[in-house]
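To start, the structure under review is shown below, and the notes come after it.
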Amino acid sequence: VQLVESGGGLVQPRGSLRPSCTASGFTFSSYAMSWYRQAPGKERELVARISNMRGTTDLAASVKGRFTISRDNAKSTVYLQMNSLKPEDTAVYYCNVWRIGRNYWGQGTQVTVSS
């Protein structure tokens, strides 16, 4: 299993970014996918999750109305559209899949929101 994130970066407050995560080594369409984030000195927290087939989504209260998670099963890729970014969204963002009893993580992509 391999998860490779890209698309982070430095953005000004109220800006937008769309990190993506491309997966390999498993049947992508069969598994729910998630995005987590970890800010300096804080625990890793769940940001968004999308189910496998129907694409049902669930978002943390802190990002609801600003972030959207989506997936393209043909490309084995999951996206996190982040709008109206705030300085408190600054963190390393990780792609995640729970498969056969264990978590798999990508290497993370840094998102920094600053003027």
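About the Cα centre of the chain, what is the dipole size in debye to 20, counting +1 per Lys and Arg Cβ and -1 per Asp and Glu Cβ, all else neutral?
Once rounded to the nearest 20, the dipole reads 160 debye.
What ranking of Phe26, Phe67 comes out by heavy-atom accessible area, probe 1.4 Å, highest first?
Phe26, Phe67
Applying the Karplus parametrisation 6.51 cos²θ - 1.76 cosθ + 1.60 with θ = phi - 60° to the phi angles of region 2-16, what ³J(HN,Hα) value in whole Hz is obtained for each residue in order, glycine and proline being reported as x?
Once rounded to whole Hz, the list reads 9, 10, 10, 8, 7, x, x, x, 9, 9, 7, x, 6, x, 10.
Could you give the length gained on full extension between Asp72 and Lys86, defined as 0.36 nm per residue of separation minus the Cα-Cα distance, in nm?
2.4 nm is the gain from fully extending Asp72 to Lys86.
Any chance you could run the full-extension gain for Ser24 through Ser62? It's 0.36 nm times the residue separation minus the Cα-Cα distance, nm to one decimal.
Length gained between Ser24 and Ser62: 10.7 nm.
Let me make sure I get this right: for region 17-84, a, b and c are the square roots of the gyration tensor eigenvalues over alpha carbons, sorted descending. Under 1.5 in a/c it's rounded, otherwise prolate if a/b > b/c, else oblate. Which is it?
prolate
The values are calculated or read from the model by the stated rules, or taken from the named source; none is laboratory data. Everything quoted here is computed from the prediction, not taken from an experiment. Cβ coordinates were reconstructed from backbone atoms using ideal geometry, including for glycine residues, and neighbour counts include every protein chain displayed. Keep in mind that these areas ignore ligands, DNA and RNA; they rest on the heavy atoms of the full protein, side chains included. Shrake-Rupley method; radii C 1.70, N 1.55, O 1.52, S 1.80 Å.
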